[in-house]
Amino acid sequence: MEIKDFTYGLSSGRSLFQSLNADFLDDKVNVLLGPNGVGKTTLLDFISTVNKREPTYFHGFPNFARIAYQPQSVPFIYEATVFQTMKMVMGVSGFKGKFRHTDLPAELKTIADIKYGELSGGQRRLVMIDAISRLDRELYLFDEPESGLDPKTAKQVMQKIQGINQRGKKVIMTSHQFQNINNDDYHLLFLKAGQIQFSGSPSEFLKKEGATSLVDAYIKQDQLL
Amino acid sequence: MFRKLVSLIEFELRLALEDKVVFLYTLMFPAAYFLVMSWNDFAAGRTTSNTDMVNNLFGFWSYIMIVGVLNQITITMFQMRENNFLKMYTFISGDKRLIYYANLIPQMVILQIEVALFDLLAIIIYRPSTRVLSLIGVCWLLNFVLIPIISFFTSIILVLPIKSKTLTIYLTGYIFATLSLGAVYFKSPVLNTMVTIINPVDFQQNTYSLFVYHPHVVFIVLLLTIVGVAYIILGNVIISKMSLASRTNR
């Protein structure tokens, strides 16, 4: 999957992408990094076809029906319990048979009968990620999936996302967290000033910036421009 | 597709029935106003003719329907887009129209329950003739066709450049305009045709009127059919083409 020479500006006139080129690897979890407001979510909106995706610039991406997309906010119905929500998602995604409490993963069983609105932000995100990861799609898009989660839950979420990629599915996510993307199963793309400034593995990123941690490498890269 | 729709409807209906506040604006308020109005007539010693009964019922049904459709169907879709529900659900189900119909069908059931309860109250108070009673039954059945059409009528709101914070202002104006226009009688067939095309309340009342009396029945059946079909097509096109992206920050 690649984006070639993509230019886009907001209706306010602000230019967001200028001749942007990006390569996404099928066998890695692709992570879009970059400061707030550089257009990471907008780029996901184009990839997912929420915004009109021109085939001139976007190559090799599956069509709408083959994409699962987790938006940044956690949009589920507050009055529904976790079990009701998961049952609905499974029904809509074509699950055959009767969905039962025992079909829930261990981390959701304890909160199965709690209403979505009564869950913490992290628990809501966990439900949503689990729901998304159960869909059978070719490409999965996650917008800051581990944002607001405690380190243990964030790690669970990232393991789930890695598991999707290991099932042979393509994954693109955005992130501001570095503790769980520090091995070479991840392909980093640093977006700033309308272009991808760096793309490669975490170890290549560290080497390029001469840094010992991804946070330092990120700050160095960010300060360059 | 059908299986997906059933899953969504089952989910939406359970939640919709849990939310009792919907019954306040589209059942309790009109019922209370109806009781006050009837009490005033009773206290003044006025009897209600069949024509008055029918006209009153048409007015109440129009209010219940337009407010119910706007609040429970069209605005729900609008809000679902603004808070990313629509984006999320569409990616799960694979089709925006599924989300729309999964919302429309349970809300139609709720609206019909409300109209039925209101009709029951009206029957107790009015003690209508068999003819009016039959009309109430026929009009209730007609609502199964009218509710989706009115919903498609109002789906135009979904493509207008309206932001969340100004939505209620526009809606209040829209409800006032549709009900006011619906209360005006136009002698001119041209004007009557125009308002039937643009105003869902006129469309609804003209449809009910077919079962009472209408001087140009063939013309009005043709007009209502064309307008109804046009709005079904237009509504479906709007829903399938509407943007998933929130307008809040646009």
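The values are calculated or read from the model by the stated rules, or taken from the named source; none is laboratory data. Computed from a predicted structure; not experimentally measured. Glycine also receives a Cβ, built like all others from the backbone with ideal geometry; neighbour counts cover every protein chain displayed.
Numbers below:
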| item | result |
| --- | --- |
| Qualifying helices (runs of 4 or more DSSP H) (wholly inside the range B:132-250; at least 1 residues being touching a Ser or Thr at 6+ places or on another chain (Cβ under 6 Å)) | B:164-183, B:200-209, B:217-241 |
| The listed residue being hydrophobic (A, V, I, L, M, F, W, C), in contact with a strand residue (DSSP E or B) (Cβ under 9 Å, 6 or more places away or on another chain) and more than 22 Å from B:Ser129 (Cβ to Cβ), out of B:Phe85, B:Phe29, B:Phe11, B:Phe91 | B:Phe91 |
| Failed condition for B:Trp39, given (1) surrounded by fewer than 16 Cβ atoms within 10 Å (Cβ to Cβ); (2) over 24 Å from B:Pro161 (Cα atoms); (3) within 14 Å of another protein chain (Cβ to nearest Cβ) | (3) |
| Every residue from the range A:27-44 that is farther than 21 Å from A:Asn183 by Cβ, touching a Leu at 6+ places or on another chain (Cβ under 6 Å) and among the small types (Gly, Ala, Ser) | A:Gly39 |
| Pair list, Cβ under 6 Å, 6 or more apart: the range A:1-22 residue over 18 Å from B:Ala245 (Cβ atoms), other residue surrounded by 12 or more Cβ atoms within 10 Å (Cβ to Cβ) and among the charged types (D, E, K, R) | A:Glu2/A:Asp23; A:Asn21/A:Lys4 |
| Residue in the range A:28-50 that is in contact (Cβ under 8 Å) with a residue 60 or more places away in the chain, within 12 Å of another protein chain (Cβ to nearest Cβ) and of a type in the set (D, E, K, R) present | no |
| Residue list for the range A:10-50, restricted to those being buried (at least 17 other Cβ atoms within 10 Å of the Cβ), of a type in the set (Gly, Ala, Ser) and not in a loop (DSSP other than H, G, I, E, B) | A:Ala22 |
| Every pair of residues 6+ apart whose Cβ atoms lie under 9 Å, when the first sits in the range B:228-248 and is more than 14 Å from chain A (Cβ to nearest Cβ) while the second is of a type in the set (Lys, Arg) | B:Asn236/B:Arg97; B:Ile239/B:Lys96; B:Ile239/B:Arg97 |
| Index of the failed condition, B:Leu111 passing every other in (1) of a type outside the set (Phe, Trp, Tyr); (2) within 14 Å of chain A (Cβ to nearest Cβ); (3) in contact (Cβ under 8 Å) with a residue 60 or more places away in the chain; (4) buried (at least 20 other Cβ atoms within 10 Å of the Cβ) | (2) |
| Contacts under 9 angstrom Cβ, first residue in the range B:4-33 being farther than 15 Å from B:Leu117 by Cα, partner among the charged types (D, E, K, R) and outside any loop (DSSP other than H, G, I, E, B), 6 or more apart | B:Ser7/A:Lys87; B:Glu10/A:Lys87; B:Phe11/A:Lys87 |
| Top-ranked residue in the range B:4-23 [being at pLDDT 75 or above and at the interface with another protein chain (Cβ under 7 Å from one of its Cβ atoms); ranked as surrounded by the fewest Cβ atoms within 10 Å (Cβ to Cβ)] | B:Lys4 |
| First in the range B:72-97 and more than 7 Å from every other protein chain (Cβ to nearest Cβ), second anywhere and surrounded by 22 or more Cβ atoms within 10 Å (Cβ to Cβ) and aromatic (Phe, Trp, Tyr), Cβ under 7 Å, 6 or more apart | B:Met77/B:Tyr100 |
| Selected residue [within 24 Å of B:Ser7 (Cα to Cα) and away from every other protein chain (no Cβ under 12 Å)] from A:Lys96, A:Lys109, A:Lys87 | A:Lys109 |
| Residue in the range B:209-219 that is crowded, with 19+ Cβ neighbours inside 10 Å and either in contact with a Pro (Cβ under 7 Å, 6 or more places away or on another chain) or on the phi < 0 side of the Ramachandran plot (or both) present | no |
| From the options A:Val74, A:Val89, A:Val82, A:Val157, residue that is modelled with pLDDT of 85 or more and under 24 Å from B:Ile99 (Cα atoms) | A:Val82 |
| When residues of the range A:51-67 are limited to those that are without any contact (Cβ under 8 Å) to a residue 40 or more places away in the chain and assigned to a helix (DSSP H, G or I), the one surrounded by the most Cβ atoms within 10 Å (Cβ to Cβ) | A:Phe64 |
| For A:Asp130: the one exception among (1) more than 15 Å from B:Arg14 (Cβ to Cβ); (2) surrounded by 15 or more Cβ atoms within 10 Å (Cβ to Cβ); (3) at the interface with chain B (Cβ under 9 Å from one of its Cβ atoms) | (3) |
| Residues located in the range B:141-185, provided they are at pLDDT below 95 and among the aromatic types (Phe, Trp, Tyr) | B:Phe152, B:Phe153, B:Tyr170, B:Tyr174, B:Phe176, B:Tyr185 |
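One line per residue, one yes/no per condition, for (1) of a type in the set (Phe, Trp, Tyr); (2) within 30 Å of B:Tyr100 (Cα to Cα); (3) in a helix (DSSP H, G or I):
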| residue | (1), (2), (3) |
| --- | --- |
| B:Val6 | no, yes, yes |
| B:Arg14 | no, yes, yes |
| B:Phe23 | yes, yes, yes |
| B:Met28 | no, yes, yes |
| B:Tyr33 | yes, no, yes |
| B:Val36 | no, no, yes |
| B:Thr48 | no, no, no |
| B:Met53 | no, no, yes |
| B:Leu57 | no, yes, yes |
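Here is a yes/no grid of residues against (1) at negative phi; (2) touching a helix residue (DSSP H, G or I) at 6+ places or on another chain (Cβ under 6 Å); (3) buried (at least 18 other Cβ atoms within 10 Å of the Cβ):
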position: A:Asp136; (1), (2), (3): yes, no, no
position: A:Asp143; (1), (2), (3): yes, yes, yes
position: A:Gly148; (1), (2), (3): no, yes, no
position: A:Gly163; (1), (2), (3): yes, no, no
position: A:Gln166; (1), (2), (3): yes, no, no
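Conditions tested, residue by residue: (1) assigned to a strand (DSSP E or B); (2) buried (at least 19 other Cβ atoms within 10 Å of the Cβ); (3) within 20 Å of the chain's Cα centre (by Cα); (4) of a type in the set (Val, Ile, Thr).
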{"position": "A:Glu79", "(1), (2), (3), (4)": "no, no, no, no"}
{"position": "A:Phe83", "(1), (2), (3), (4)": "no, yes, no, no"}
{"position": "A:Val89", "(1), (2), (3), (4)": "no, yes, yes, yes"}
{"position": "A:Gly97", "(1), (2), (3), (4)": "no, no, no, no"}
